[in-house]
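Working notes, beginning with the structure itself.
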Amino acid sequence: MPTNSPNTEPHTPFGRTNYVIILSSCLAIAIGFVLMAGDGSTETDFREDIFSVRRIVVAPMVCLAGYLAIIVGILWKSSSR
């Protein structure tokens, strides 16, 4: 049975490294969505910018990398646990 002495630290499911990886991954996802943002075309005005490499290649890759890094951050086993 565990004791609540002042020298014992509470058990947390993740270590500091896990939280850093997860938070930086969330930031990467947010950056990916910002890269996707922009004006769209209307019925009277066609803008070719909606087909730019930044919006259809780079931004989704940044978001995908962020989502994969979140998985890594969850599965990362810290030596401090």
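The values are calculated or read from the model by the stated rules, or taken from the named source; none is laboratory data. Nothing here was measured: the structure is a model prediction, and the numbers come from that model. A quick note on method: Cβ atoms are made from the backbone with ideal geometry, for glycine too, and the neighbour counts reach across all protein chains shown. Side chains are part of the model used for accessible areas, which takes the heavy atoms of the whole protein and leaves out ligands, DNA and RNA. Shrake-Rupley method; radii C 1.70, N 1.55, O 1.52, S 1.80 Å.
Conditions tested, residue by residue: (1) assigned to a helix (DSSP H, G or I); (2) at pLDDT 95 or above.
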position	(1), (2)
T3	no, no
P6	no, no
L23	yes, yes
I50	yes, no
V72	yes, yes
K77	no, no
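Condition check ((1) among the aliphatic types (A, V, I, L, M); (2) surrounded by 11 or more Cβ atoms within 10 Å (Cβ to Cβ); (3) more than 17 Å from the chain's Cα centre (by Cα)) across all residues:
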| residue | (1), (2), (3) |
| --- | --- |
| T12 | no, yes, yes |
| C26 | no, yes, no |
| I29 | yes, yes, no |
| C63 | no, yes, no |
| Y67 | no, yes, no |
| I74 | yes, yes, no |
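Among the residues of region 35-59, write down those that are within 23 Å of V72 (Cα to Cα) and open to solvent by 60 Å² or more (accessible area, probe 1.4 Å).
Listed by number, the residues that qualify are V57, V58.
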